[in-house]
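Undergrad: Below: one structure in structure tokens.
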Amino acid sequence: MKYALTILVVMVFGLTGCSSQKKLVKEAPFSVENPSCTPYAGGREGSGSGFILRIPLTLLSDEEITFEKVFFRGHILDPEWVAEGGKRFLQCQYQRKSTEKPDIIMHGDPMMEVGNQPAGEITEKEEYPFELKPDEAVIAYLQKGKTRYAKIGSIKDKMPNLLPSKEMN
């Protein structure tokens, strides 16, 4: 009897523990055609690098929908509407933080090290709520006052657009 009670308690906690996970909708009020991810890198040191995620969307209803977040490759991105060539895209840009470290002075005399900045605080990373493949993303959108989540797939990696230098001609 003691073991049956323990098993029952474990099952109840096991079933209720999953309720905090975000629920994906089966049918979204929009369709997605050929989403793509294009990496970029600045030409100068310190100019940054990252990627641009473009999601061509077609709204399937007249309901008002607000796109809040996009979860992609471990990042939580802020989407924005972009119109180009008569088409509308949901676009997200991610820029990697610079790994450049400030110069520090190392000296035998501690007074010479006074201007050094202490190491930055370690901030806890926000918990990523989805397990996704590299070609998948989840779009969080607000519909009728409720946040919903739609999963999309088949995101193609594109080659970055490289423009030839004028010096090469």
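The values are calculated or read from the model by the stated rules, or taken from the named source; none is laboratory data. Not measured: the values here are computed from a predicted model. No Cβ is skipped: glycine too gets one built from the backbone with ideal geometry, and neighbour counts run over all protein chains shown.
Okay, residues lined up against (1) hydroxyl-bearing (S, T, Y); (2) over 18 Å from the mean Cα position of the chain (by Cα); (3) modelled with pLDDT of 90 or more:
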| residue | (1), (2), (3) |
| --- | --- |
| K2 | no, yes, no |
| T6 | yes, yes, no |
| L15 | no, yes, no |
| P29 | no, yes, yes |
| S47 | yes, yes, no |
| I55 | no, no, yes |
| T66 | yes, no, yes |
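Undergrad: A further question on this structure: Using beta carbons and a limit of 9 Å, which pairs, at least six apart or on different chains, have the first residue in segment 130-145 and over 19 Å from P35 (Cα atoms) and the second one aromatic (F, W, Y) and in a loop (DSSP other than H, G, I, E, B)?
TA: none
Undergrad: To continue, here is another question. Pairs please, first residue from segment 94-106 and under 22 Å from A137 (Cα atoms), second anywhere and among the polar types (S, T, N, Q) and modelled with pLDDT of 80 or more, Cβ atoms under 8 Å, 6+ apart in sequence or on different chains.
TA: Final answer for the pair search is Q95/S49; R96/S49.
Undergrad: If you scan segment 51-63, which residues turn out to be touching a residue at least 12 places away in the same chain (Cβ under 8 Å) and surrounded by fewer than 15 Cβ atoms within 10 Å (Cβ to Cβ)? Break it down into steps so the answer makes sense when it comes.
TA: Of the residues in segment 51-63, the ones touching a residue at least 12 places away in the same chain (Cβ under 8 Å) are 51-61, 63.
Answer for segment 51-63, where residues must be touching a residue at least 12 places away in the same chain (Cβ under 8 Å) and surrounded by fewer than 15 Cβ atoms within 10 Å (Cβ to Cβ): T58, L59, L60, S61, E63.
Undergrad: Would you confirm whether or not segment 88-96 contains a residue that is at pLDDT below 90 and either within 21 Å of S31 (Cα to Cα) or in a loop (DSSP other than H, G, I, E, B) (or both)?
TA: yes
Undergrad: Taking segment 32-45, which residues are farther than 27 Å from E127 by Cβ, at pLDDT 90 or above and surrounded by 12 or more Cβ atoms within 10 Å (Cβ to Cβ)?
TA: If the condition is that a residue be farther than 27 Å from E127 by Cβ, at pLDDT 90 or above and surrounded by 12 or more Cβ atoms within 10 Å (Cβ to Cβ), then S36, T38 are the ones that fit.
Undergrad: Would you check which residues across segment 97-115 are modelled with pLDDT of 75 or more and either touching a Gly at 6+ places or on another chain (Cβ under 7 Å) or part of a loop (DSSP other than H, G, I, E, B) (or both) and list them?
TA: Those that are modelled with pLDDT of 75 or more and either touching a Gly at 6+ places or on another chain (Cβ under 7 Å) or part of a loop (DSSP other than H, G, I, E, B) (or both): I104, I105, M106, H107, G108, D109, V114, G115.
Undergrad: Could you tell me which numbered condition F71 fails, if it satisfies all but one of (1) under 14 Å from Y141 (Cα atoms); (2) outside any strand (DSSP E or B); (3) not aliphatic (A, V, I, L, M)?
TA: (2)
Undergrad: Applying the selection to segment 74-87, what residues are in a strand (DSSP E or B) and surrounded by 10 or more Cβ atoms within 10 Å (Cβ to Cβ)?
TA: Selection gives H75, I76, L77, E80, W81, V82, E84, K87.
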